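Participant: I'd like to ask some things about the structure below.
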Amino acid sequence: MSIFKIAKQVTGALLAAGLLSGAAHAEDKKDIVLGGSIPMTGVFAFAGVGIHAGITDATKIINDNGGIEGHKLVYVPEDTAYKVDASVAAFNKITSQHDVNLYYGDSTAFSKTISPEVDRLGKMVLTGASFASELNDTKKFPNIFIPGPTYTDMIGILLNHIAKEKPGAKVGLVHSETEFGRDPVEGAKATAKELGLDMSLIISTAPGGVDVSTEVLKIRRARPDFVIFHGYVLAPIPEFISQARAMGLKTKFMGTFWSMDNSMVGKMGDVADGFMGVMPYNYYYSEQANAPMLDKIRSMRDTYQSNAYMQGFFSTMMLSEAVRNTIKAGKELNGPNIHAGLQQIKDFDTGGIIGVPVSVKGNSVPIGRVYQYDLSKKQMVPASDWIRLD
Amino acid sequence: MRIGTAKENYTADEALFDTNIQRGWMIALMIALFALPFMTGQYAIYLVCLVMINIVSTTGLNILTGFTGLVSLGQAAFMGVGAYTVAIMEINLGTPFLLNLLIAGSGAALVGIVVGLPSLRVKGLYLAIATIAASVILHFIFANWTSMTGGVSGLSMPPASLFGLELVQPDQVYWIIMPITVLMLFGAANLFRTRIGRAFIAIRDRDISAEVLGIRLLRFKLLSFAISSFYAGVAGGLWAYFFRVITPESFPLLMSIFFLAAIIVGGMGSILGGILGATFMTMVPEILKMMVGVLSPIWPDAVAVMSPVRVVVFGALIIFFLIFEPDGLAEIWRNIRRFFHLWPFKT
């Protein structure tokens with residue numbers, strides 16, 4: 001055998017060994033892919049931009065701290081303009097180009113549409129912008145995670161607060177005539193009954209409706225102590241409040257997560273003063289002690305970040321924790337195992353994103369806090385302690 | 001170079017494809033359509049299916065607006081009728097998908113006839129408003145007839161099945177969508193070789209003259225509404241099988257505007273125009289997205305920054321085409337064909 005042949009064989013063997021060990025290493029530390037159908041344009045863009053920023057920052061922080069057990073987290077977003085067909089297209093595109101482990105969807109409709117496919121693939125866990133109560137069913141939706149309380153739970157948190165503040169209070173519920181708006185109605189009625197509250201006033205408004213004078217008259221007739229709005233972002237809440245104030249009503253008005261962004265409430269003007277609502281996360285400016293994640297966010301972005309940002313950030317944190325649990329348990333990274341990893345999350349310290357340690361219950365994290373807008377500070381300030389629904 | 005096509009009789013003049021080259025291209029297209037699922041991934045097939053569903057609905061609207069001159073903004077609501085019909089039949093009766101689609105189309109056609117009644121008295125913008133009103137009523141029914149439609153939560157339906165095989169994936173549903181789209185396009189193209197199609201065109205060009213010629217406006221206007229809605233109903237049925245979740249919010253007014261924009265951009269009163277318009281309106285946002293995606297490796301925040309720009313570019317492209325070719329993409333296509341027919345001579 002010539003010296004060249006020997007050298008060639010040795011080189012070949014070394015290369016093969018090197019490549020193989022490299023491949024094994026790469027296989028060991030395979031990237032964790034978080035795909036996203038994100039509404040960066042369209043009617044939900046106000047939230048989509050924040051969600052994207054939150055996921056991006058959480059991903060960066062996780063990777064700067066060595067990834068998830070050494071695995072790099074890769075975020076692959078696509079804009080959907082908040083359209084189901086575009087969201088499904090984005091899902092198909094991202095899953096055909098990457099081995100996706102985690103996915104963020106932009107709406108309830110998308111989650112319901114893609115859920116059978118996610119179950120069939122069995123590779124990933126799906127989270128998203130939806131807090132739909134229907135999704136909080138581990139049997140029907142075994143691969144879904146809701147990054148906070150469901151809409152029914154949000155109303156439940158508000159009702160718990162009301163029951164403490166004013167037992168037997170008269171509570172009205174004003175909701176939009178959409179899937180989002182109708183979601184908590186039945187659950188809210190049941191919870192109100194359980195807590196001894198009178199929720200006989202339920203008003204639904206047409207999507208996009210601006211003339212609310214008839215509905216305000218119904219409120220005047222019923223004279224509720226509290227009115228909870230659900231299914232809106234901003235309009236027609238300010239119109240309701242200003243007309244009710246003009247009629248001299250002392251009713252306290254409340255909202256749920258998507259109408260609780262500080263800058264959005266600020267846009268209501270003077271009528272925002274005293275507006276209350278439920279928020280599962282701390283606000284960007286929260287002065288809570290021992291909140292390293294909030295400090296980190298503030299060091300990365302020096303201007304106010306929305307509640308959508310917090311939602312995106314928290315979703316990424318929780319999913320990463322679930323993946324970490326799966327890896328630590330030595331299990332294969334697939335949908336059921338990552339979902340099991342989520343279920344293992346008990347008393348998890350979010351570094352101040354949520355003020356108390358959190359646990360996953362079912363598909364959701366049923367915790368939140370009631371806030372109230374302080375016009376002088378131009379900020380939502382805590383009106384209750386953290387409320388956990390068990 | 002081809003100077004012209006000699007036609008010796010009316011049959012030849014009315015033929016859908018008048019040259020062997022055209023027939024050859026058509027056969028090649030059919031082969032490509034059959035080969036497509038074996039050559040591409042799920043994402044590409046998904047987009048093709050979406051384009052085809054939009055083509056069916058756009059063609060339906062083109063029959064009504066482009067060929068008969070009756071403006072409608074109710075196409076999405078008619079699709080909704082078809083989608084709900086398919087879902088209700090599939091969930092409750094488990095009937096075969098072809099029957100479901102046929103009934104979906106027929107149900108939408110009946111609704112279309114009712115909605116079309118005002119067209120006897122009003123036209124143009126007034127008719128558009130009447131169809132919007134009908135669309136609002138249908139939306140209300142979708143959202144409030146809870147026992148049938150599932151209310152605002154909508155319906156989740158099982159997939160279509162063929163010989164016991166469930167058609168779940170885009171490359172499986174494609175085998176329903178593709179043949180039906182081709183069939184419906186041939187149907188639409190052939191419609192305008194018949195007395196009915198010519199009556200539609202006569203009504204579009206001048207309805208009073210058409211009536212003087214003996215065309216009964218009531219019958220043909222309603223027939224145009226029925227056929228257009230049938231197409232929308234079938235498209236809605238295909239949409240239902242494709243997504244398998246139907247809510248009242250699945251068929252918003254914006255979707256009707258999308259179809260109207262598609263026939264304007266593609267070319268009104270041309271089957272090819274409907275195809276090109278629907279393809280343009282569905283694919284250009286995706287292509288622009290891909291272009292933004294190319295920037296992502298070198299500019300990580302490209303998706304966030306460029307997404308709004310992409311929407312502006314899409315709008316600008318529509319305006320650009322309308323300014324430079326008001327007759328739509330179909331006319332651009334015809335100009336290209338003419339250029340190559342006469343090449344190397346100038347057109």
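Participant: From the helices alone, meaning DSSP H stretches of at least four residues, give me the mean residue ellipticity at 222 nm for chain B, per-run term -39500 (n - 2.57), in deg cm²/dmol to the nearest 500.
Facilitator: Values: 15 runs with 249 residues, N = 347.
When only DSSP H runs of four or more count, the value is -24000 deg cm²/dmol.
Participant: If you place +1 on the Cβ of every Lys and Arg, -1 on the Cβ of every Asp and Glu, and leave all else neutral, what size is the dipole of the stretch B:43-342 about its Cα centre, to the nearest 20 Debye? Numbers along the way, then the final one.
Facilitator: Values: 16 positive and 12 negative charges, 189 e Å.
Dipole of the stretch B:43-342, to the nearest 20 debye: 900 debye.
Participant: Kyte-Doolittle mean at least 0.5 and Cα extent at least 18 Å along the axis: which DSSP H helices of chain A qualify? The partial results should precede the final answer.
Facilitator: Working: long enough: A:3-28 (37 Å, 0.75); A:45-64 (28 Å, 0.60); A:84-97 (20 Å, 0.31); A:108-121 (19 Å, -0.21); A:151-165 (21 Å, 0.32); A:307-328 (31 Å, 0.01).
Qualifying helices, which must be both long enough and hydrophobic enough, are A:3-28, A:45-64.
Participant: Past the 24 Å Cα-Cα mark, which pairs from A:Lys331/A:Lys361; A:Lys83/A:Lys218; A:Lys60/A:Lys83; A:Lys164/A:Lys346; A:Lys193/A:Lys252? If you can, show how the numbers build up before the last one.
Facilitator: On the way: A:Lys331/A:Lys361 21 Å; A:Lys83/A:Lys218 35 Å; A:Lys60/A:Lys83 28 Å; A:Lys164/A:Lys346 27 Å; A:Lys193/A:Lys252 20 Å.
Beyond 24 Å between Cα atoms: A:Lys83/A:Lys218; A:Lys60/A:Lys83; A:Lys164/A:Lys346.
Participant: Now a separate question. Could you look at the stretch B:43-342 and say what percent of its accessible area is carbon and sulfur, using a 1.4 Å probe and all protein chains?
Facilitator: Working: 9360 of 12650 Å².
About 74 percent, which is the carbon plus sulfur part of the accessible surface.
Participant: Along the charge dipole of chain B, which of B:Ile177, B:Tyr46, B:Phe17 sits closest to the positive end, that is, farthest toward it, with unit charges on the beta carbon of Lys, Arg, Asp and Glu (+1, +1, -1, -1)?
Facilitator: Result: B:Phe17, furthest along the dipole toward the positive end.
Participant: Send over a whole-number figure in Å² for the accessible area per residue of chain B, probe 1.4 Å.
Facilitator: Working: 16670 Å² over 347 residues.
Roughly 48 Å² per residue, with all protein chains present.
Participant: By DSSP, what percent of the beta bridges with both residues in the protein assembly as shown are antiparallel, rounded to the nearest 5?
Facilitator: Details: 19 of 51 bridges.
Percentage antiparallel, nearest 5: 35.
Participant: For an R0 of 22 angstrom, estimate the FRET efficiency from the Cβ-Cβ distance between A:Leu375 and A:Leu217 and round to the nearest 0.05.
Facilitator: Details: r = 27 Å, r/R0 = 1.21.
The formula returns an efficiency of 0.25 here.
Participant: Report the gain in length on full extension from B:Arg219 to B:Phe324: 0.36 nm times residue separation, minus Cα-Cα distance, nm rounded to one decimal. Provide the component values of the computation, followed by the final result.
Facilitator: Values: separation 105, 0.36 × 105 = 37.80 nm, distance 3.75 nm.
Result: 34.1 nm gained on full extension.
Participant: For B:Lys7, list the lysines whose Cα falls under 28 Å from its own Cα; do not include residues on the same chain fewer than 8 positions away.
Facilitator: Partners within reach: B:Lys346.
Participant: Right, something else. If you filter the stretch B:172-260 for trypsin sites (Lys or Arg not before Pro), then keep DSSP loop positions with at most 15 other Cβ within 10 Å, what is left? Please list the in-between numbers first.
Facilitator: On the way: sites: B:Arg193, B:Arg195, B:Arg198, B:Arg204, B:Arg206, B:Arg216, B:Arg219, B:Lys221, B:Arg244; in loops: B:Arg193, B:Arg206, B:Arg216, B:Arg244.
The qualifying sites are B:Arg193, B:Arg206, B:Arg216.
Participant: Using a Gaussian network model of chain A whose springs link C-alpha atoms within less than 10 Å, name the residue from A:Met310, A:Met318, A:Met300 with the highest mean-square fluctuation.
Facilitator: Of the options given, A:Met300 has the highest mean-square fluctuation.
Participant: Based on the alpha-carbon gyration tensor of chain B, what equivalent-ellipsoid semi-axes (square roots of 5 times the eigenvalues) come out, in whole Å, largest first? Spell out each step's value before the answer.
Facilitator: On the way: eigenvalues 186, 160, 95 Å².
Semi-axes, largest first: 30, 28, 22 Å.
Participant: While we're looking at this one, here's another question. Name the most mobile residue of A:Asn92, A:Asn63, A:Asn325, meaning the one with the largest mean-square fluctuation, in a Gaussian network model of chain A with Cα contacts below 10 Å.
Facilitator: A:Asn92
Participant: Something else: Using a Gaussian network model of chain A whose springs link C-alpha atoms within less than 10 Å, name the residue from A:Ala132, A:Ala109, A:Ala289 with the highest mean-square fluctuation.
Facilitator: A:Ala289
Participant: Within chain A, which is the longest segment containing none of the GluC sites (Glu not before Pro) that sit in a DSSP loop and have at most 11 other Cβ atoms within 10 Å?
Facilitator: Value returned for the longest uninterrupted segment is A:1-286.
Participant: Still on this structure: Given a 1.4 Å probe and no ligands, DNA or RNA in the count, how much accessible surface is buried by A and B, both sides, to the nearest 100 Å²? Walk me through the intermediate numbers first.
Facilitator: Values: alone 16660 and 17780 Å², together 32250 Å².
Interface area, both chains combined: 2200 Å², rounded to the nearest 100.
Participant: All other residues with a Cβ under 11 Å from the Cβ of A:Gly341 taken together, and with Lys, Arg as +1 and Asp, Glu as -1, what is their net charge? Working shown, then result.
Facilitator: Working: positive: A:Arg324, A:Lys328, A:Lys331; negative: A:Glu321.
Around A:Gly341, the charge tally is +2.
Participant: Moving on to the next point. Hey, what's the per residue convex hull volume over the C-alpha atoms of the protein assembly as shown, in cubic angstrom?
Facilitator: Working: hull volume 163.5 nm³, N = 737.
So the per-residue hull volume is 222 Å³.
Participant: Tell me, what is the Rg over Rh of the stretch B:12-167, with Rh the Kirkwood radius over Cα pairs?
Facilitator: Values: Rg = 19.0 Å, Rh = 18.3 Å.
Dividing the radius of gyration by the Kirkwood radius yields 1.04.
Participant: How far apart, in nm, are the 7 Å Cα→Cβ label points at A:Asp385 and B:Ile298?
Facilitator: Here the modelled spin labels are 5.6 nm apart.
Participant: Once the piece of chain linking B:Ile336 and B:Ala133 is laid out straight, how much longer is it, given 0.36 nm per residue of separation minus the C-alpha distance between them? Intermediate values should be presented prior to the final figure.
Facilitator: Values: separation 203, 0.36 × 203 = 73.08 nm, distance 4.10 nm.
Value of the extension gain: 69.0 nm.
Participant: May I ask you to list the chymotrypsin sites (Phe, Trp or Tyr not before Pro) in the stretch B:28-81 that are in a DSSP loop and have at most 11 other Cβ atoms within 10 Å of their Cβ?
Facilitator: Details: sites: B:Phe34, B:Phe38, B:Tyr43, B:Tyr46, B:Phe67, B:Phe78; in loops: none.
When the chymotrypsin sites (Phe, Trp or Tyr not before Pro) of the stretch B:28-81 are filtered for loop state and at most 11 Cβ neighbours within 10 Å, nothing remains.
Participant: OK, next. Could you give the semi-axes, largest first, of the ellipsoid that matches the stretch A:134-255, computed as the square roots of 5 times the alpha carbon gyration tensor eigenvalues and rounded to whole Å? It would help to have the intermediate numbers written out before the result.
Facilitator: Working: eigenvalues 131, 65, 23 Å².
One finds semi-axes of 26, 18, 11 Å for the stretch A:134-255.
Participant: When only Cα pairs under 8 Å and 6 or more residues apart are kept, what is the percent relative contact order across the stretch A:218-288? Mind dumping the intermediate values first?
Facilitator: On the way: 73 pairs, mean separation 24.0, N = 71.
The value is 34 percent.
Participant: Continuing with the same structure: What does the charge add up to near A:Ser87, with Lys and Arg as +1, Asp and Glu as -1, over the other residues with Cβ less than 11 Å from its Cβ? Walk me through the intermediate numbers first.
Facilitator: On the way: positive: A:Lys83, A:Lys93; negative: A:Glu78, A:Asp79, A:Asp85, A:Asp106.
Net charge in that neighbourhood comes out at -2.
Participant: What is the local net charge at A:Val212, summed over the other residues whose Cβ is closer than 11 Å to its Cβ (Lys, Arg +1; Asp, Glu -1)?
Facilitator: Values: positive: A:Lys218; negative: A:Asp211, A:Glu215, A:Glu239.
Result for the local shell: -2.
The values are calculated or read from the model by the stated rules, or taken from the named source; none is laboratory data. All figures in this text were calculated on a predicted structure; none of them were measured in a lab. All Cβ positions, glycine included, derive from the backbone under ideal geometry; neighbour counts span all protein chains shown. For accessibility, only protein heavy atoms count, side chains too; no ligands or nucleic acids. Shrake-Rupley method; radii C 1.70, N 1.55, O 1.52, S 1.80 Å.
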